[in-house]
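Written out below as structure tokens is the structure these notes cover.
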Amino acid sequence: MQEYIPHRKCVGCEKIRPKYQLLRIVKNNDGIFIDEKQKLPGRGAYLCKNKECLQLAKKKKGLERSLKVAIPKEFYDGVERFFDENFKKSAEVSE
Ligand SMILES: [Zn+2]
């Protein structure tokens, strides 16, 4: 039996991918956060787990457009660090 897998669009490369392969960024009343567990309330945007898409999102203002809020440079830096710290292993175990 096939399960339905929710898909979302990456705000960087604009490819549609299974949600679990993407990083959720969420905006709510407390600010903007990396939502690793994809469970925080608020408006979400999705990004492939690689820096190319982060750069693209930055360039095209994909996150801004998707979350309708200004994204400070510090936030992008934070996401980049997050990638460095968390996705070294998953990159090796690609799909
Ligand atoms: Zn992407």
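The values are calculated or read from the model by the stated rules, or taken from the named source; none is laboratory data. Just so we're clear, the structure is a prediction, and the values are computed from it rather than from any experiment. Positions of Cβ are backbone-derived with ideal geometry, glycine not excepted, and every protein chain shown enters the neighbour counts. These accessible areas exclude ligands, DNA and RNA; they are computed on the full protein's heavy atoms, side chains included. Shrake-Rupley method; radii C 1.70, N 1.55, O 1.52, S 1.80 Å.
Return the sequence-ordered ³J(HN,Hα) values of the stretch 54-66 in whole Hz as given by the Karplus equation 6.51 cos²θ - 1.76 cosθ + 1.60 applied to θ = phi - 60°, using x for Gly and Pro.
For the stretch 54-66, the Karplus curve yields 4, 5, 4, 4, 5, 5, 8, 6, x, 5, 4, 5, 6 Hz.
Can you pull the one-decimal nm distance between simple spin-label points at residue 61 and residue 5, each 7 Å off the Cα toward Cβ?
3.4
Which distance in nm do the two modelled labels at residue 68 and residue 30 give, with both placed 7 Å along the Cα-to-Cβ direction?
Label at residue 68, label at residue 30, 2.2 nm between them.
Just going by the charge dipole of the stretch 7-89, with Lys and Arg at +1 and Asp and Glu at -1 on Cβ, which of 47, 78, 18 is farthest out on the positive end?
Positive-most Cα among the choices belongs to 18.
Using a 1.4 Å probe, what is the accessible area per residue for the stretch 25-89, in Å²? Walk me through the numbers on the way to the answer.
Values: 4050 Å² over 65 residues.
Normalised by residue count, the accessible surface of the stretch 25-89 is 62 Å².
Given the convex hull over the Cα atoms of the stretch 7-89, what projected area results after averaging over all orientations, in nm²?
Directional mean of the projected Cα hull area for the stretch 7-89 stands at 5.0 nm².
If I take every Cα pair under 8 Å that is 6 or more residues apart in the chain, average their sequence separation and divide by the length, what percent do I get for the relative contact order? Before the final figure, lay out each step's value.
Values: 123 pairs, mean separation 22.8, N = 95.
Over the chain, the number comes to 24 percent.
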